[in-house]
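Working notes for the structure below.
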Amino acid sequence: MPQPVQVLLTAVVIVADWIASNPDLFPYFPQETRSGAERVAAAWQGLRLPAAWRAEEPCGDAGEVVAARFDLPPGASARPVQEAAVRLAREMPEPGLVIVEAPMGEGKTEAALAVAEIFAARSGAGGVFFALPTMATGNAMFPRLLDWLGRLPGRDGTTHSVLLAHSKAALNDDYAELLRSGRQHIVAVDVDGETQRWRPSEGGRFAAAELVAHAWLRGRKKAMLSSFVAGTVDQLLFAGLKSRHLALRHLAVAGKVVVIDEAHAYDTYMSVYLDRVLAWLGAYRVPVVVLSATLPSGRRRQLMEAYAGAVAEGGGGAEAFARVAGAVSYPLLTAVSPGQVPVIAGAAASLRGGEVHLEALADDQELLAGRLAAELEGGGCVLVVRNTVRRVLETARVLRERFGEQAVTVAHSCFVDVDRAGKDADLLARFGPPERAGGQRPAGPHIVVASQVAEQSLDVDFDLLVTDLCPVDLMLQRMGRLHRHRRGAGQAERPERLRTARCLVTGVDWGGPVPVPVRGSVAVYGAYALLRSAAVLLPHLQGAQRPVRLPEDISVLVQGAYAEEPVGPAAWSEAMAVAWERHEKHRAEQAGRAQVFRLDEVGPPGRPLIGWVAAGVGDADDTRAGRAQVRDSRESLEVVVVQRRADGGLATLPWLAKGLGGLELPTDRPPSAAAARAAASCGLRLPLQFSHPEVMDRAIAELEELYVPAWQGRDSHWLAGQLFLVLDGDCQTSLAGFALRYSPADGLEVSSD
C-alpha cells in the first residue's frame, strides 16, 4: 500500500475515533432500546458536519470568470495574467502545480482563485487552503476569500466550513462574525424527532453565502479540516514537520487546492520544509498554485522538482526542468502535471507599468529631512521604508522636528494587535486606491515612515519613495508602492515636482570603494544579499541615466541578483567573496537545522509508517514555540498589554475605540467578556532584545509575578495562560533591564534602563 494511502487511512481512523469518543454524540448510558445504527444516525445528525465543496468548472472565457467572481470596477476586464492562468489550467492534462510570476497589482490572487475553481472541479478537491506569510496578510485575505465564496455557483443551500488559521483569528472581526452567526452546540439528536436543518443566522453578513466556523472543527487539531482556510504558511509547513497527529495535517491538505502566496518571502530554513511538503502534495496529487512577484529562477526550478519528483519518473526530465530554470520572460507562468514534463507559458503585462528613477542618497537623517522639505514644497505624500524599527523611530523623530507631529505617521510591527490593524486601515483609507481613499488623501505634505510592513499586502500609493537598501526582490516590492495608481492624466493630480516616479536609496555609505550598508540592515538581510542588490541596481543609480522599467526589468534584476555569476565592479570582488562565504555558511546552517525534524521523503509502496514521526518535536501548533519550529527565528515573547490605574487596579488601554478603552480588569473575579476580549486584542510580540535566552528567562520571571487565578478559568478564556505587560499611567514600564514606552502613535520603544 502506498505511504500516502496509509497516511490518509490513519487520519480517517483518528477522526472516526474522536467522533465515536464524544460523549455528547455517543452517551455512556444509551437507551437500551436503540440499535447501533440508530445511535450512529442520531450522532451524525448531532455532529452536523458541513458538506465538502463540489466545484463546478466555470464556463466562459477568463474575462467572464473573473467578472462573475470578483467585484471589478465598471468597464474593467480580466488582465492578461489572469487570462493566461485560466487558459493554462484548462489545457493541463491533469491538475498539478502552477507557478504564477507577475508584477505587483496584476491580480495574482484573483488568478489563483480562478485556477483553484477549475482545478477543484477537475480533481474533486473539496476546498481551498490559501497560505500567506504573516497573520496580517492572512487577515487581509480572509474577507476576500469570503467574498469569492459568496459568488460561487451551485451552493444550493449547502453549508461550508471556513477557517481563519492563526493563533489570533478569534480577534478578527470577519471571523468573529462567522463564529457568532454559526454558534451551535454539538449534541445528540433523537432520530425519531423533528430536526431542523441548521444554517447561519439570517442577520449575519455571510448568511447568504452559507458559511460557518463549525464548532467541532474549531478544535486545535481539527480546525484545518475545514473546507476553506486562509492562514499563515506555518500551517502548511507543519505538514512537513515530524509531530504528533501529523496524519491529520496531511488529511487537511490532501482534499484541497493549495495556494501559496508571496513564495519569494520564505528563507532557506522555511524552504526546506516547503519543498518536502510539496513532494507529499505531489504524491497526493493535490493541485497547487504558487504566487510571486519576484521569484529567482533557481527557486522556481526547486519548487517544480520538489512537486514533480514524487510522481514523475526521474523528476520529469533534466532538460525540461533546465528550460524552466532558464526562462526569462516576464510575466511568466510555469506548470507541471503529475507524471508529465513542465510547460512554460508567457503572458503580457497590463499597461500599468512605468519608469522609476533611482538615486543614491547618503545615510544622514538631517540630510534626508532637508531633501524632503525641498521635494514637498508643493505638497505630496512620501513613503520612507527603514529596515529596522529603531531606524523607523529615529527617522520619525527627526522628521517631526522639521514637519510637525501631524505630518508624520509611523508604521511597524511593534504595535499591539488592535493598533496595528488600525494603522493598516488608516493607511488604506488615506493612501489607498483613488476610488477607496476618496477625499481622505492628505492635502498637504505627509510622510509615512514604515518598516517592512509596507512591503506587501497593502494597496497604498505614494508620490515619492525613500528606502534603505534591501535585497532587490524586496526593493521591487517597495517600488510597487510608488505611483501604484493613476492619479489623473499623466499623474496630473500629483504635485508637479512628484509626477515622475523617483526612489531615493539610502541606508548605505556610498562614499567608499565598496558600498557599506548600515549594521541593522546587515543583521536583517546579510551583507551578501545587500551587495548583490546594490550591484544589479548600480547601472540605475549612476547619474540616474537609466531608470528601472516596470515590469520589464523585474525579472532581469531578480535573476541577476540571485544568479551564481559575479556582478558588480571588480573593486567589489573581495568584499563580495567574504560576504558570500558568510552567506553560504548561514544557508548551510539553516538547512541543517531544518532537516533535524523534517519529515522523510515519500517512501516506496509497502513501506510502513511505523516510526515516521519518531524523534520528532511532539505537538506542533500555532504558538510562538510552534512557529519557531518552521521559521528560522528565535522564540519570541508575546504579551498582553494593559494599564495600571491610579487606584492600583488594572484596565484596558485607554485609547481603544468603541467604548472598550479603560474597562476594568478586576483581579478577584473574571472580567466582563467585553473587557477580556478588548485586553486580548492588545497582544504584542516583544522585539528581538527579549529573544536572547538569558533576557527571555528574566523577562518571563518578571512577567509571571502578575498571576491572576481568577483569569485562568473557562470564563476568562481570552486571558488564561497569557503574560501581561503592565504600563503605568504614562504608558511606561521596565522589563529585564530595559525601559519600555508605548504610544498609539509610535508603538513600542525600547531603550536601556
Across the stretch 574-616, the tally of residues that are closer than 29 Å to VAL522 by Cα, in contact with a Gly (Cβ under 7 Å, 6 or more places away or on another chain) and assigned to a loop (DSSP other than H, G, I, E, B) stands at 1
* Tell me, please, whether a residue that is open to solvent by 30 Å² or more (accessible area, probe 1.4 Å) and in a loop (DSSP other than H, G, I, E, B) can be found in the stretch 88-97. => yes
Note: among ALA131, ALA116, ALA125, ALA120, just one is assigned to a loop (DSSP other than H, G, I, E, B), modelled with pLDDT of 85 or more and surrounded by 18 or more Cβ atoms within 10 Å (Cβ to Cβ), namely ALA125
Given (1) modelled with pLDDT under 90; (2) within 29 Å of LEU291 (Cβ to Cβ); (3) open to solvent by 10 Å² or more (accessible area, probe 1.4 Å), ASP426 misses just (1)
For the stretch 635-650, pairs from a residue that is within 17 Å of GLU702 (Cβ to Cβ) and touching a residue at least 24 places away in the same chain (Cβ under 8 Å) to a residue that is of a type in the set (Asp, Glu) and in a strand (DSSP E or B), with Cβ under 8 Å and 6 or more apart or across chains, are LEU650/GLU664
Quick one: is VAL290 outside any helix (DSSP H, G or I), in contact with a Phe, Trp or Tyr (Cβ under 7 Å, 6 or more places away or on another chain) and more than 20 Å from TRP612 (Cα to Cα)?
no
ALA306 passes all but one of the listed conditions (1) within 30 Å of ARG486 (Cβ to Cβ); (2) in contact with a Leu (Cβ under 6 Å, 6 or more places away or on another chain); the exception is number (1)
ARG402 passes all but one of the listed conditions (1) free of Cβ contacts under 8 Å to residues at least 40 places away in the same chain; (2) in contact with a Ser or Thr (Cβ under 9 Å, 6 or more places away or on another chain); the exception is number (2)
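Restricting attention to the stretch 301-316, does a residue exist that is assigned to a loop (DSSP other than H, G, I, E, B) and within 26 Å of VAL505 (Cα to Cα)? Step through it out loud before you land on a result.
First, pick out the residues of the stretch 301-316 that are assigned to a loop (DSSP other than H, G, I, E, B): 310-312.
Of the ones still in play, those that are also within 26 Å of VAL505 (Cα to Cα) are none.
No, every residue in the stretch 301-316 fails to be assigned to a loop (DSSP other than H, G, I, E, B) and within 26 Å of VAL505 (Cα to Cα).
In the stretch 483-501, how many residues are touching a residue at least 60 places away in the same chain (Cβ under 8 Å) and either more than 23 Å from GLY422 (Cα to Cα) or open to solvent by less than 10 Å² (accessible area, probe 1.4 Å) (or both)?
Within the stretch 483-501, the first condition is being touching a residue at least 60 places away in the same chain (Cβ under 8 Å), and the residues that meet it are 483-484, 486, 494-498, 500-501.
Checking the rest, the ones that are also either more than 23 Å from GLY422 (Cα to Cα) or open to solvent by less than 10 Å² (accessible area, probe 1.4 Å) (or both) come to 483, 486, 494-498, 500-501.
Residues meeting the conditions: 9.
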Of the residues in the stretch 322-343, those that are open to solvent by 50 Å² or more (accessible area, probe 1.4 Å) and closer than 18 Å to ALA293 by Cβ come to VAL328, SER329
Inside the stretch 586-605, the number of residues satisfying the requirement of being within 20 Å of ALA265 (Cα to Cα) and either open to solvent by 60 Å² or more (accessible area, probe 1.4 Å) or of a type in the set (A, V, I, L, M, F, W, C) (or both) is 8
Only one of (1) assigned to a loop (DSSP other than H, G, I, E, B); (2) over 22 Å from ARG371 (Cβ atoms) does not apply to PRO442, and that is (2)
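To keep it simple, each residue is scored yes or no on (1) open to solvent by less than 10 Å² (accessible area, probe 1.4 Å); (2) more than 24 Å from LEU504 (Cα to Cα); (3) at pLDDT 90 or above.
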| position | (1), (2), (3) |
| --- | --- |
| GLU377 | no, no, yes |
| CYS381 | yes, no, yes |
| VAL384 | yes, no, yes |
| THR388 | no, no, yes |
| ASP417 | no, yes, yes |
| GLY432 | yes, no, no |
| ILE447 | yes, no, yes |
Filter the stretch 390-415 for residues that are part of a loop (DSSP other than H, G, I, E, B) and in contact with a Pro (Cβ under 9 Å, 6 or more places away or on another chain); the one that is surrounded by the most Cβ atoms within 10 Å (Cβ to Cβ) is PHE415
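Residue check: is ASP647 over 22 Å from LYS423 (Cα atoms), more than 24 Å from the chain's Cα centre (by Cα), assigned to a loop (DSSP other than H, G, I, E, B) and modelled with pLDDT of 90 or more?
On the way: over 22 Å from LYS423 (Cα atoms): yes; more than 24 Å from the chain's Cα centre (by Cα): yes; assigned to a loop (DSSP other than H, G, I, E, B): yes; modelled with pLDDT of 90 or more: yes.
Yes.
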- [ ] Tell me, yes or no, whether the stretch 98-108 has at least one residue that is in contact (Cβ under 8 Å) with a residue 60 or more places away in the chain, open to solvent by less than 50 Å² (accessible area, probe 1.4 Å), basic (Lys, Arg) and farther than 18 Å from SER123 by Cβ.
- [x] yes
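The values are calculated or read from the model by the stated rules, or taken from the named source; none is laboratory data. All figures in this text were calculated on a predicted structure; none of them were measured in a lab. For neighbour counting, all protein chains shown are included, and Cβ atoms are generated from backbone atoms with ideal geometry for every residue, glycine included. Each accessible area value is taken on the protein alone, full model and side chains, heavy atoms only, with ligands, DNA and RNA left out. Shrake-Rupley method; radii C 1.70, N 1.55, O 1.52, S 1.80 Å.
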